[in-house]
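Here the structure is laid out as structure tokens; the discussion comes afterwards.
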Amino acid sequence: MKTILYARVSTKDQTAAHQLTQAENAGYLVDDVVTDQGVSGVTTRLAERPQGRRLFDMLRSGDTLLVRWVDRLGRDYEDVSDNIRAFMRRGVVVRTIINGMVFDGSTQDPMQRAVRDALIGFMAALSQAQAEATKEARRAGIAHAKAQDFAGTKFRGRKPSYTREQFDQVGVASEQGLGTSEISRLVGLSRQAVLRIQADPSGCEQTLQKWGL
């Protein structure tokens, strides 16, 4: 039985190292790391990602699939919930680093199964809502940047201290009610950077757009 960490990182200058560190800090012993690099999580289904397809081939009954959060497992509500259930049918236990969620198909008690299934639906819906909010913020940032360029304002200001991945992570973790210090530790940013993103997510999104991040 193995514990496999699946990581998705959105740009070439990012790695799965910080997600592995998070997993180890949470007490997990990871046997293998599977990483999709440069793949959009909001447009590409898990089964259509190169390493996402590999997960379906390599996971066996009794294995644990570890992800930072359920949004790693699909592009929208249907994809996330379908994939979690597909892995559970195989006897795979799905666990999240954030909040330590556990989705186990071996549960037989009907009440526990009902709670588990309701939680899958809620988490998948929350992930899609976050993805939609991120897409909308990106569209707004692009529109703002174009307007600034049209007006002749080319100065981009200071390069942001956070990546696109970290910006998205702060948004998800904040939605989950995590404290500033915990978010700072999980995503590898200073508390000041986390507070800045939380206080003005739209402005931070626009800064990322100005820098093409």
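Worth a mention:
- Positions within region 58-82 being modelled with pLDDT of 90 or more and assigned to a helix (DSSP H, G or I), in sequence order: Met58
- Flag if Asp82 is charged (D, E, K, R) and within 20 Å of Thr35 (Cα to Cα): no
- Selection status of Met101, assigned by TED's automatic domain parsing to the domain that holds Val30, under 24 Å from Thr21 (Cβ atoms), surrounded by fewer than 21 Cβ atoms within 10 Å (Cβ to Cβ) and over 19 Å from the mean Cα position of the chain (by Cα): no
- Residue, farthest from Thr21 (Cα to Cα), within region 156-213, restricted to residues that are of a type in the set (A, V, I, L, M) and free of Cβ contacts under 8 Å to residues at least 60 places away in the same chain: Ala199
- Residue count for region 27-77, restricted to those that are of a type outside the set (Val, Ile, Thr) and more than 16 Å from the chain's Cα centre (by Cα): 19
- Any chance Gly41 is part of a loop (DSSP other than H, G, I, E, B), in the same structural domain as Asp104 (by TED's automatic domain parsing), at pLDDT 85 or above and not hydroxyl-bearing (Ser, Thr, Tyr): no
- Helices (runs of 4 or more DSSP H) wholly inside region 164-213 that include at least 1 residues being surrounded by fewer than 17 Cβ atoms within 10 Å (Cβ to Cβ) and more than 17 Å from the chain's Cα centre (by Cα): 180-187, 191-199, 201-210
The values are calculated or read from the model by the stated rules, or taken from the named source; none is laboratory data. Since the structure is predicted, the reported quantities are computational estimates derived from the model, not experimental observations. In this analysis, Cβ positions are derived from the backbone assuming ideal geometry, glycine residues included, and neighbour counts consider all displayed protein chains.
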